[in-house]
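Report on one structure; see the data block that follows.
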Amino acid sequence: MYDSRDRELGMDRKITRRDFLNGVAVTAGAALMPWHLMGEDAGKEKSPGYYPPALTGMRGSHPGSFEAAHALRDGTFWDTAGKPQDTGESYDLIVVGGGISGLSAAHFFRKLNGEKSRILILDNHDDFGGHAKRNEFRVNQSFRLGFGGTFSIESPAPYSAVAKGVIEELGIDVPSYSKYVDKKLYRSFGLRPKIFFDKETFGADKLVVNFHPNGGTESEDASKESAEVLKQFLAEAPIADQAKHDLGSLIQDPKDYFPGLTSDEKKAKLARISYANYLKDVAGVHADIVKLLQTAPHGLFGVGIDAVSAQDAWGLGFPGFDGLSLDPTPGKGMNRDAIPNEEAEKYFFHFPDGNASIARLLVRKLVPSAIPGSSFSDVVLAKADYSKLDVESSPVRIRLNSTAVRVKHMGDAASATEVEVAYARGGKVFTTRAKHCVLACWHVVIPYICGEFPEKQKEALASAQKVPLLYTNVALRNWTSFQKVGANSVYAPGMYHTGVNLDLPVSIGGYECAHKPEEPIVVHMMKAACHPGLAARQQHIFGRMELYTTTFETMERKIRDQLARTLGAGGFDPARDIAAITVNRWPHGYAYEYNSLFDSFWLEGGVTPCEIARKPLGRIAIANADAGAYAYTDEAINQAWRAVGELTKS
Ligand SMILES: Cc1cc2nc3c(=O)[nH]c(=O)nc-3n(C[C@H](O)[C@H](O)[C@H](O)COP(=O)(O)OP(=O)(O)OC[C@H]3O[C@@H](n4cnc5c(N)ncnc54)[C@H](O)[C@@H]3O)c2cc1C
């Protein structure tokens, strides 16, 4: 039942959302449905109309994708599994995980062993690409794309020769990006990054110009920090007068809080203190400043400034460090994201569906009949034929909706000639064999599916606690309200989603972005599910539980409320203006990156857990971005290359 506020928000409106699975409303209870009852339609990928990118509602780790793995974790899977059925299939390689790392592993294996190599790729989701996920929308006559995960080709450090090689083999012309993006579009309508202050956190709902160069959002079109913008911000922000004074001083009257220490000594101190504590205890600023900046690093790290070191905050350009006269070279223990690199910054390309275009180009190479076309730009509008992904006549087969549940050598790892992989699909368990196996799945899963690794390695694998995130796409009938409030991106430190962005205006391969405010658009919203005050890994564990147990209905209500409050002054009506909502839920999101506050080995040197975790065993090698503890596409590719190389040597 909806109350009057719900009706104002449009909770009762028929929009495109999919909160039903096999006719059953998806609630927290449904998330607990036994895996073997979740769907008996093995082979559904071949049915007409099977087209996951067009599904809306709860996507990402969608219902039906994780129950088998969670039953394995809970030790209950084999109670209901029955005897596995042998498919009788035999491959040169089985890849577990159909993300960019798994797809790249298949690509490299064929390059090294010939195009006739027989390869099976298993993935538990209903679509391929892993985090590189495509969301499609139709609003009136307009077709709109959104990125459900991986946003763009970008990395803090330059792409390796191997990763760049793959991008070039796929034909992606990274330097041509400026041809496709209309960098001036939003500015031409008077839009700029803003901050939304909410009444629960700051005492008043208010939208104010963003004073920070990139505002902690993903907007590329970020405002330049300037005295004028800061002045306007300080005049309008609903924060205490003392906080305004303190922020002005932090930026315009910087102090050396550590006089007498060398630059290295200062950096060593900054590496061991959180940015929140630096602001409070060292700079002594008003608490409102800490509240304002708390969620600024969410988009990068999935945690707030309580769990980001002051040294990383300095590298990222947050306020409060100009008076320390730090030598610009990176300090020990800095996160790679916080180390500026000009060459890397230039290597940027955003497809309208994010790096799903990379996944689709890889699939086109592996199974050409599944994705028509021949150029890197025509892939944007190419319609994938999911019925072709897993056919006997193709040397490479991609089997979706299939969770690997057991991976073992047929005999002793040192002398076995085959690996057997058991997977759950459509409520049943099947086995298949291969000469080699690459585990390109999330590292926390591996100890549950492959018992052969040594205990120390299993511990290292389990320490790769992924960062939980929501990447939400809301299709709007128009963006006139954004125009009226003058914002193209909104940083919202107190709200459910802390980032709200109009997507980068990219037109490519026949796809046209929204050029006018009257046209439909996809708004991207980002939430990091974190629990400030705890160590980063603990925050990720609690955040993961939160995302798995929050219903779509609750998320939808929060989305509608947030957009209504942020854009209300621009005439936004959530009941009228929202055409569709897709929440890409990633309880296992970014790869865990090491952090000088919590990982002493990162600060002091020594072997990192990912180096222990990725050791091959017999005919099984380990890939995924987790294997490099680096949440970027280039690392997913680098690790696939290493893993395939190890197998070829074995
Ligand atoms: C929301 C989000 C945004 C991101 N944005 C960017 C960006 O803009 N640029 C960038 O470079 N990187 C970005 N990343 C990092 C991104 O993770 C990497 O770029 C890359 O796509 C990771 O690829 P992968 O193959 O290593 O992992 P994944 O994409 O996670 O693929 C692994 C796959 O294995 C599957 N799997 C797990 N267990 C099993 C099992 N037992 N059986 C079968 N399959 C299994 C998983 O479900 C998944 O589909 C982002 C990540 C997230 C979550």
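Per the conditions (1) acidic (D, E); (2) modelled with pLDDT under 95; (3) surrounded by fewer than 16 Cβ atoms within 10 Å (Cβ to Cβ), the sole criterion not satisfied by D19 is (3). From the list A575, A569, A528, A564, the lone residue that is of a type in the set (G, A, S), within 16 Å of the ligand (Cβ to nearest atom) and within 27 Å of G486 (Cβ to Cβ) is A528. In summary, Y91 fulfils each of the numbered conditions (1) outside any helix (DSSP H, G or I); (2) near the ligand (Cβ under 10 Å from one of its atoms) with the single exception of condition (2). Restricted to strands (runs of 3 or more DSSP E) entirely inside the range 390-485, those with at least 1 residues that are under 30 Å from T498 (Cβ atoms) are 467-476. Taking the criterion of being in contact with a strand residue (DSSP E or B) (Cβ under 6 Å, 6 or more places away or on another chain) and surrounded by fewer than 20 Cβ atoms within 10 Å (Cβ to Cβ), the only residue of the range 528-567 that qualifies is Y548.
So, P48, is that one within 22 Å of the chain's Cα centre (by Cα) and more than 22 Å from E635 (Cα to Cα) or not? The answer is no for P48.
Taking the conditions (1) part of a helix (DSSP H, G or I); (2) within 23 Å of the chain's Cα centre (by Cα); (3) not basic (K, R) in turn, H62 satisfies each one other than (1). Could you tell me whether the range 184-199 includes any residue that is closer than 30 Å to P330 by Cβ, open to solvent by 10 Å² or more (accessible area, probe 1.4 Å), modelled with pLDDT of 95 or more and not in a helix (DSSP H, G or I)? No: the range 184-199 contains no residue that is closer than 30 Å to P330 by Cβ, open to solvent by 10 Å² or more (accessible area, probe 1.4 Å), modelled with pLDDT of 95 or more and not in a helix (DSSP H, G or I).
Close Cβ contacts (under 8 Å, 6 or more residues apart or on different chains) running from residues in the range 398-416 that are at positive phi and near the ligand (Cβ under 10 Å from one of its atoms) to residues that are modelled with pLDDT of 95 or more and basic (K, R) comprise N401/R425.
Taken together, G60, G75 contain a single residue that is within 14 Å of the ligand (Cβ to nearest atom), out of contact with any helix residue (DSSP H, G or I) (no Cβ under 8 Å at 6 or more places or on another chain) and at positive phi, which is G60. What do you reckon, is N584 within 16 Å of the ligand (Cβ to nearest atom), farther than 23 Å from V421 by Cα and either assigned to a helix (DSSP H, G or I) or modelled with pLDDT under 95 (or both)? Criteria not met by N584.
Considering the range 611-650, the residues that are of a type in the set (G, A, S) and either assigned to a helix (DSSP H, G or I) or without any contact (Cβ under 8 Å) to a residue 40 or more places away in the chain (or both) include one that is farthest from the ligand (Cβ to nearest atom), namely G645.
For residues in the range 116-156 being in a loop (DSSP other than H, G, I, E, B) and farther than 20 Å from Y51 by Cα, which is farthest from the ligand (Cβ to nearest atom)?
From the range 116-156, those in a loop (DSSP other than H, G, I, E, B) are 116-118, 123-128, 130-133, 140-141, 148-152, 154-156; that's our starting set.
Pick out the ones that are also farther than 20 Å from Y51 by Cα and you get 116-118, 151-152, 154-156.
Working: K116: 25, S117: 20, R118: 18, F151: 3, S152: 5, E154: 5, S155: 6, P156: 10 Å.
Step by step, filter the range 116-156, then rank; the result is K116.
For (1) charged (D, E, K, R); (2) under 21 Å from E136 (Cβ atoms); (3) in contact with a Phe, Trp or Tyr (Cβ under 6 Å, 6 or more places away or on another chain), each residue gets a yes or a no:
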| position | (1), (2), (3) |
| --- | --- |
| G510 | no, yes, no |
| V522 | no, yes, no |
| H531 | no, no, yes |
| R576 | yes, no, no |
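The values are calculated or read from the model by the stated rules, or taken from the named source; none is laboratory data. Computed from a predicted model, the values in this text were never measured in an experiment. Cβ sites come from the backbone with ideal geometry, for glycine too, and all protein chains shown count toward neighbours. What goes into the accessible areas is simple: the full protein's heavy atoms, side chains included, and nothing from ligands, DNA or RNA. Shrake-Rupley method; radii C 1.70, N 1.55, O 1.52, S 1.80 Å.
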